[in-house]
Amino acid sequence: MVMKKRAMRLGLAIVLALAIGAVAVLAIRSNSGGDRSVLRRVALAEGAATWPSIAVTQTVSGLDQPLNITHAGDGSGRLFVVEKTGAIRIVRAGSLESTPFLAISDRVDSSGHEQGLFSVAFPPGYASKGYFYVDYTDVNGDTVVSRFSLTGDPDVADPASEEIILTIDQPYDNHNGGQLAFGPDDYLYISTGDGGGGGDPDDNAQDPSTLLGNILRIDVEPQETELISATYQLYFPLIMSAGGNPPYRIPTTNPFTQTAGYRDEIWAYGLRNPWRFSFDRDTGDLYIGDVGQNDYEEIDFQSASSDGGENYGWDIMEGTHCYPDPPCDQTGLVLPVAEYGHSGGNCSVTGGVVYRGSDPDLEGIYFYGDYCSGRIWGLVQEGGGSWDTQELLGPTSLAISAFGEDEAGNVYVADIAAGAIYELGEDS
């Protein structure tokens, strides 16, 4: 019986190997983009990453310190670029619109190096809703997450329509995080830094009773079926409880809702200053660029199958290294899938996005960069769960403050110093 089972397993293994080989041969023989994409996936599964030669091409200039690039998912083809000083601008067909989509500099404190209007996120079904979310530091230096509605013009939002969703006290003027994004589950994810100060002096990142040093997950778009059974008062488009609780709901599947001493909003923690996270639009996997202290920058990863609750290690670890010095207890920590040091002018990671555009040679590569050196790296997961990263461009003159994507999955890079947006592609 044992011999029969072994024979069956061997037969299955041979069939699988032949199938993989057939797919690879088919891809090699074909010149079509789809088959080249298949070939890349087969190569990654076999642990043999291939890297393209890349370049960036300027598409837009004239911006004031761009920090975020995204789209509305409404079929309009517009790019939305967030400016640090308090405006959101529209880029249409490669041209910067003169009228801001939103202008709220009167309530945004952008005086600090790490303060300002950080990001915008459009909810699922935005085209029929006409409202969106932003994250900024207010005149007191505290974090505000709020919602704005459109005017009668789809290219202009109403500054007076602001409805505050969440505020977080900030003890210092740096490490504010500030990224917003809707996940594949339609919940709103929010990045918060550790509150600032060198070495996390208040130990916020390892304190689950605070909202600092985390990725938060909240429900700001409850379904109608949820509202029928809930004892909530409705103030459209916000949901507020009669007891004065925050105008959002906690997903019941958040990891710490039943854990004493933990904030219910926490999805993952142990982060220093998560400067840009993103979801892979194909897989739902989450990538986080977390800025280091003095020596190491890191990329953290969370599989789409995760139930949340990861502790990414700060301020016990900086990258894969004990902070400040060994020894340290790494029990329960999730270490980064990629890191790099501060040699060669590197200083601060800017988390990126996975390319899902039309170029099959870039397919599936997570692109990220460094703010000071202007370098851009690629990162892929290979067979067996291992990771491979490769410097693909640089050093350059770019002060990389953000990566973003359009509705087609093409990747863009923001240069905060030049006030410009570049499209990333193959070097021809």
Exercise. Quickly run through the stretch 359-385 and pick out the residues that are within 18 Å of D415 (Cα to Cα), more than 17 Å from the chain's Cα centre (by Cα) and among the hydrophobic types (A, V, I, L, M, F, W, C).
Key: C372
Quiz item: Of all residues in the stretch 164-185 being part of a loop (DSSP other than H, G, I, E, B) and within 19 Å of T350 (Cβ to Cβ), which is nearest to the chain's Cα centre (by Cα)?
Solution: Q179
Quiz item: What single numbered condition from (1) modelled with pLDDT of 95 or more; (2) in a loop (DSSP other than H, G, I, E, B); (3) not acidic (D, E) fails to hold for G352?
Solution: (2)
Quiz item: Looking at (1) closer than 22 Å to D427 by Cα; (2) part of a strand (DSSP E or B), can you tell me which one F301 breaks?
Solution: (1)
Exercise. Quick one: T257 ticks every box in (1) touching a residue at least 24 places away in the same chain (Cβ under 8 Å); (2) over 20 Å from the mean Cα position of the chain (by Cα) except a single one, so which number is it?
Key: (1)
Self-check item: Candidates T210, T151 - the one that is surrounded by 15 or more Cβ atoms within 10 Å (Cβ to Cβ), touching a helix residue (DSSP H, G or I) at 6+ places or on another chain (Cβ under 9 Å) and over 23 Å from H113 (Cα atoms)
Solution: T210
Self-check item: Restricting the stretch 157-207 to residues that are under 26 Å from I88 (Cβ atoms) and acidic (D, E), the residue that is surrounded by the fewest Cβ atoms within 10 Å (Cβ to Cβ)
Solution: D169
Quiz item: Which of the residues spanning the stretch 197-210 are touching a residue at least 40 places away in the same chain (Cβ under 8 Å) and over 21 Å from S278 (Cβ atoms)?
Solution: G198, G199, D200, D203, Q206, P208, S209, T210
Practice problem: Residue by residue through the stretch 344-366, note down the ones that are surrounded by fewer than 23 Cβ atoms within 10 Å (Cβ to Cβ) and not acidic (D, E). | Solution: G344, G345, N346, C347, S348, R356, G357, S358, P360, G364
Quiz item: For the stretch 49-100, how many residues are touching a helix residue (DSSP H, G or I) at 6+ places or on another chain (Cβ under 8 Å) and on the phi > 0 side of the Ramachandran plot?
Solution: 3
Quiz item: In the stretch 316-348, what count of residues is obtained for those that are without any contact (Cβ under 8 Å) to a residue 12 or more places away in the chain and hydrophobic (A, V, I, L, M, F, W, C)?
Solution: 1
Practice problem: Report yes if G313 is on the phi > 0 side of the Ramachandran plot, modelled with pLDDT of 95 or more and not aliphatic (A, V, I, L, M), otherwise no. | Solution: yes
Quiz item: Among the candidates F118, F101, F132, F80, which residue alone is touching a Gly at 6+ places or on another chain (Cβ under 6 Å) and touching a residue at least 12 places away in the same chain (Cβ under 8 Å)?
Solution: F118
Quiz prompt | Single residue of D106, D135 found to be within 24 Å of V411 (Cα to Cα) and among the acidic types (D, E) | solution = D135
Practice problem: Look at the stretch 244-296 and say how many of its residues are more than 23 Å from Y133 (Cβ to Cβ), out of contact with any Lys or Arg (no Cβ under 8 Å at 6 or more places or on another chain) and buried (at least 19 other Cβ atoms within 10 Å of the Cβ). | Solution: 3
Quiz item: Which residues, taken from the stretch 186-222, are in a loop (DSSP other than H, G, I, E, B) and within 17 Å of R249 (Cα to Cα)?
Solution: D186, Y187, L211, V220, E221, P222
Practice problem: Residue by residue through the stretch 40-65, note down the ones that are hydrophobic (A, V, I, L, M, F, W, C), within 24 Å of the chain's Cα centre (by Cα) and at pLDDT below 95. | Solution: L44, A49
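The values are calculated or read from the model by the stated rules, or taken from the named source; none is laboratory data. Keep in mind that what you see is a predicted model, and the values were worked out from it rather than measured. Positions of Cβ are backbone-derived with ideal geometry, glycine not excepted, and every protein chain shown enters the neighbour counts.
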